[in-house]
Each structure stands twice: as structure tokens, then as C-alpha cells.
Amino acid sequence: MAIRGGRPAARAGRPPATAYRLSWRILDALEAVAARWPARAEGAVKWLLLAPALAVVGLLVFGLVVMADASLRVMDFRTYQLGEDYSTANYVRLFGWGAFHATLWRSLVATLLVTLFCLLLAFPYAYALTRTASARLRRVLLVGLFLPFFVGQVVRAYGWLVILGQQGLVNQALGLVGLGPYRLLFSYPTVLFGLVQYMLPFAVLMLAPALAAIPEEIERAAASCGASRGRTLLRVVLPMARPGLIAAALVVATLTLTDFAMPAILGGGTNDFLANLVHDQFFRTSNAGLGSAIALVLTLLGTTVAGLLLAAAGVGALGLRGAR
Amino acid sequence: MRQLPLAGGVALALLLLLAAPSLVVAGASLTAGGIVQFPPEGLSLRWYGRVLEAREVRDAFLRSLEVATVCTALAVPSGTLAAIALARWRFRAALAIQLYLLLPFTVPLIGSGIGLMLLFGELGLLGRVWPVGIACCVINLPFMIWAVAASVNALDPELERAAASCGAGPVQTFLLVTLPAVAPGILAGALVMFVLALNEFLVSLLLVDARTVTLPVQIYTQIRAVITPDLAAVSTVYVLVAAAAVLLLDRLVGLEIFLRSR
């Protein structure tokens, strides 16, 4: 105080400025408690900090265990209870079930096509995003990626219903030139279209860091060595962007394979994917056993693909570099 | 733009494609007519008034707010502490812990959703609103950890050591140095968790019953029945919330960090 105190007289009537504040007392008390912590249990602190998160994810693990358990029991349709005994009957039934095969096939073909189209479209978007000299364009392109992510799938699918419906935007426009109306909704291509639009931001966000990591000088070097733009793209940029392309493909593939909302809303019940089949088993047929079996197969499929992604990209995906 | 004619052109066309559903929903909600169409037939806010009167929609919105609040309240402490622990201490099984904490991302939503539905069913928690919030926290927790971890990694450990050498105890250092330094990451994570829980559809659909529908489920059920402009008004609320979230996130951490290579 003496250093700053140009007006010591003004403070005369007040308590001394060095009074011990309440917040300090609280902190001291906390420190005292912390000091009581036995030195031997020093290592337990980090586990205590980690415990809540481990418990939260533990719910998911517990859920999967309950699901696996249910998938091994057969539904008794006289009592609507799962049987007491374990059996693989649900899985056996799955592999001989025509509807399952058709749905699996439909989901897999969609996964392949959506992944292909997403990569094709995400590449120029990510390229423009990372290479543009205009900060404003970059910002606009970034906001365009994040906005749909936060808008949510149902609202976006609803937007497509308004655009593609019988009296939707597209059919109104076609009507002006004397065409249509066409039945655009509730078809397989529409579901694929909705999925591509939904997955595009994920693909761009996985691809962009990989493209950003390629120095522009390398492209200029290729050009100065006489490579055309196309040749530079094919021989230099694409091979260097491969990790990003693989990551984008795997993310899009897992999300597409296991999607529910787009087939349900844009497919109108006739273009179901595996997740819709699971939902129907629980809420329409009330067969929790068979539903659990499909869900488990789907979980294993999805987790395998995602595991490949982690192996390829490293656990750095969580952004944790560990202690330094 | 001049250097990137093709990529730039494609990107702008895709931008339009990405924005189209949101723009059309917002436009359709302003119609004065009785059916959903775009461009709207005359401008009016009457469908917003209709939404405020519609009890079902209003209740569903309040339930979604409760879900998002529960989710964020659970995610902030658990995610923050875990991120700090993982970034500041060395764990023997670090790889296994990280893979475990990433499970919510590697297990498909339909799998986690059905699993949690069966688990909550056994625990007698179905048909209530707050367990949906817990489920949303479970499936999105890696986002929270990720956001905080980015801040912790950017924090120079020397700062904490300096605090300690100035006589601050561990609690004081944690509360007055570490936490304020990672606050932007915590806020960004909380924001993401809140908005994603507000939007969560599939897991909500599996966990709710007719009395506890959340707003995304309400929208889903209504578009399957009949499409009316009041639904466009509700959806526009989501678009506005999303826009606010993106702007806030940009302020807090800057969207450009997503372009940085890891």
C-alpha cells in the first residue's frame, strides 16, 4: 500500500487495507483440507478427477452389456417377456431373414454411394476453404459448415420436405415451365441426397486439416516444374491428402450405415436402413431380443469402422497429447 | 476467388445446398397463408403466435430445455476434470483410457440409444425427462473433453508452477490459475453440449414416451402426420439458436481452429 499510497490520510478511518478477506479464508480452509490429503494417496487425485467421466461412459458400457444380454434371449410372445435361457436363436434367425438381408444390402449400397459423393464434393469445398486468400470467404464457408451441424437432422429433413414435396419449391418451379408435379419424396435417391447433404460438413471438417497441412509451396513447385493443374492435383495434392480422405470416408461411412432420421423422414417407411429395422423391432413388433441382436450387429459393424479410423488417425482425435 | 475458379464455384454451390433447408424453413414460417410454401404467400408472424399457444409444442420445448440443462450440468464438471487429469498427469493405461472415453463416438447412436433404453428400463427411469439429459451427456461427452483439452494443452504449465512458487497451494492454483485459463474451452464445450442436447433426436425418440416428448421428437411426429407452418416456426427457432451458437463459438475459440492440422 505504501508504494501506491499517495493519500494515506484518506484511509485513516477505514480498516487496514491488509484485512484478511473472506475469500482468502475460504481458500485457506480448502488448502488445509488439501494438505490433509495423505502423501501416499497422491496418485489417487488424478483418478478422482477422471472418475466422473469414466462413470458417465460406464453407463454406455452397461447399456451395451444389457443389450448383448437381451440379444441372447428369445421373446416369448405369449407373455411378451424375454426368455430365461440363453440361445443364439435371434442371430440364427437374422441370417436367414429376407427383410434383414434386403435392409443390410440397402444400407451398405447407400453407405458406399454417399461416401463416394461426399468425398467428391467435400474435396473442392475443403480446398477452397484452406486455400482462399479471402478471410471473408473462409469465414462464410466455415459458418456454412457449422450452422447445419447445430440445426439438427430433423429440422434439416423438414426443410427438404418443404423443398421437395408435391407442392414444394421444386415442383412449383417446374410447374411454371409446364412440367410435373413429380413425386420426389420417399424414394431411395432422395434419401441418398439428404444423407450426402447431412454428411458433407463432417467430411469437410475431417479433410480440411489434412489439406491445410500441405504447404502451398509444394503445389507451386509442381507447377513450376511444368505440371498442369490437373496433374498437380492427381499426383501431388491427392496423395498427400490421403490420411484426411480416409478419415473423412470412415466418418461418413459409419454415420451413414447407422443413420435413422433421413431414411425415416425422407424415405417415408419404404427405404428403411438397419437402424429403422431396430426401431421397428422394439416399437412395432415388440421383439426386444431380435431388435437387440440387430443393434449389436450394427454396433459391431460401426465400431469396427470407427476403430479403423482411430488406428489410422491416432487417438489424437481426442486432442489429448498427454502429460508433458 | 480468382485463383480458385473451380473449387470456389463448387464450394459456393455447396454452401447454398447446405443452407437451403434452414433458409427455406425460415422463409416458410413467415407465410400468411395456411399451407407451407416457399416463397411464402404474404408475410406474417401469425404462426409464431400459434406456436406460443400450442401447448404440446411449448411443453416439448420446455422439456428439451430441461434435457439440455441436465446434459450440460453433468458434462461440464465430468468433462473438464477428465480433460485436465488426462492433460496434466501421466496414466499408465493412457491409451486404453482415451479409447474408452471415445466409446460414445465409436459406438453408433442406435447402439448407445438402445443400450441406454434397456438399461434405464431396468432401472425404472423411462418416461422421465432428466434421464434423457444424462443420455445426451453420455453420447456427446467426447466433445466436452475435446474442447477443454484443447485449452489445457494451450496453457503453459510454467504458469501453474509460477503460482506454486509464489506460494499458492494446489487448490488455489487450480481455482485461480488453471480454471480461468481453460474457461474459454469449458464455455465452448458447454455450448456445444447444450445445443446438441437441444437437437438430439434418435436417443430422445428411444427414451421418451407420449407424455415426455422432446421438441425434435415432437417435430418428427408432426411432420409424419401433416405439415403445417407452425412447425416451420418452431424449426426456425432451432435455426436461430444454431446461428447464435455458431457466432458464440466463433467468439470463444474461433472457428478457424478446426482448420489447423493436428
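Would you confirm whether or not region A:167-177 contains a residue that is within 28 Å of the chain's Cα centre (by Cα) and within 12 Å of another protein chain (Cβ to nearest Cβ)? No, the conditions are met nowhere in region A:167-177.
In this structure, is A:Tyr91 touching a Leu at 6+ places or on another chain (Cβ under 7 Å) and either at pLDDT 90 or above or at negative phi (or both)?
So A:Tyr91 fails the test.
Might you check whether a residue that is modelled with pLDDT under 90 and within 9 Å of chain B (Cβ to nearest Cβ) occurs anywhere in region A:284-301? Checked region A:284-301: at least one residue is modelled with pLDDT under 90 and within 9 Å of chain B (Cβ to nearest Cβ). Which residues, taken from region B:204-252, are within 27 Å of A:Ala288 (Cβ to Cβ) and part of a loop (DSSP other than H, G, I, E, B)? Residues satisfying the conditions are B:Val208, B:Asp209, B:Ala210, B:Arg211, B:Thr212, B:Val213, B:Thr214. Scanning region A:245-292 for residues that are of a type in the set (Val, Ile, Thr), closer than 15 Å to A:Leu104 by Cα and part of a helix (DSSP H, G or I) returns A:Thr254, A:Thr256, A:Val278. When residues in region B:59-111 are screened for being within 11 Å of chain A (Cβ to nearest Cβ) and either among the aromatic types (Phe, Trp, Tyr) or closer than 30 Å to A:His279 by Cα (or both), 19 of them pass. Identify, from the list A:Ala122, A:Ala157, A:Ala102, A:Ala133, the residue that is surrounded by fewer than 18 Cβ atoms within 10 Å (Cβ to Cβ), of a type in the set (Gly, Ala, Ser) and assigned to a helix (DSSP H, G or I). Only one candidate passes the filter, namely A:Ala102. Select from region B:143-160 the residues that are surrounded by 24 or more Cβ atoms within 10 Å (Cβ to Cβ) and either touching a Leu at 6+ places or on another chain (Cβ under 7 Å) or under 17 Å from B:Leu215 (Cα atoms) (or both) and list them in ascending order. If the condition is that a residue be surrounded by 24 or more Cβ atoms within 10 Å (Cβ to Cβ) and either touching a Leu at 6+ places or on another chain (Cβ under 7 Å) or under 17 Å from B:Leu215 (Cα atoms) (or both), then B:Ile145, B:Ala149 are the ones that fit. Just so you know, in region A:105-119 the residues that are among the aliphatic types (A, V, I, L, M) and over 19 Å from A:Ala275 (Cβ atoms) include one that is surrounded by the fewest Cβ atoms within 10 Å (Cβ to Cβ), and it is A:Leu116.
Of all positions in region A:198-220, at least one carries a residue that is out of contact with any Cys (no Cβ under 9 Å at 6 or more places or on another chain), part of a helix (DSSP H, G or I) and away from chain B (no Cβ under 12 Å).
May I ask you to list the residues in region A:241-272 that are at positive phi and buried (at least 23 other Cβ atoms within 10 Å of the Cβ)? Once the filter is applied, which keeps residues that are at positive phi and buried (at least 23 other Cβ atoms within 10 Å of the Cβ), region A:241-272 yields nothing.
For region A:61-80, the condition holds for at least one residue, the condition being that it is away from every other protein chain (no Cβ under 14 Å) and aromatic (Phe, Trp, Tyr).
Within region B:175-203, how many residues turn out to be among the aromatic types (Phe, Trp, Tyr), part of a helix (DSSP H, G or I) and either free of Cβ contacts under 8 Å to residues at least 60 places away in the same chain or not assigned by TED's automatic domain parsing to the domain that holds B:Pro131 (or both)?
0
When A:Thr190 is tested against (1) free of Cβ contacts under 8 Å to residues at least 40 places away in the same chain; (2) more than 7 Å from every other protein chain (Cβ to nearest Cβ), only condition (1) is not met. Please work out if A:Leu184 is at pLDDT below 90 and in a helix (DSSP H, G or I). No.
Return yes when A:Ala110 is touching a Phe, Trp or Tyr at 6+ places or on another chain (Cβ under 9 Å), more than 7 Å from chain B (Cβ to nearest Cβ) and in contact (Cβ under 8 Å) with a residue 60 or more places away in the chain and no when it is not.
The answer is yes for A:Ala110.
For B:Gly124, the conditions (1) surrounded by fewer than 22 Cβ atoms within 10 Å (Cβ to Cβ); (2) more than 9 Å from chain A (Cβ to nearest Cβ); (3) at negative phi are fulfilled apart from (3).
The values are calculated or read from the model by the stated rules, or taken from the named source; none is laboratory data. As the structure is a prediction and not an experimental result, all values here were calculated from the model. Heads up, the Cβs are rebuilt from the backbone with ideal geometry, glycines too, and the neighbour counts pull from every protein chain shown.
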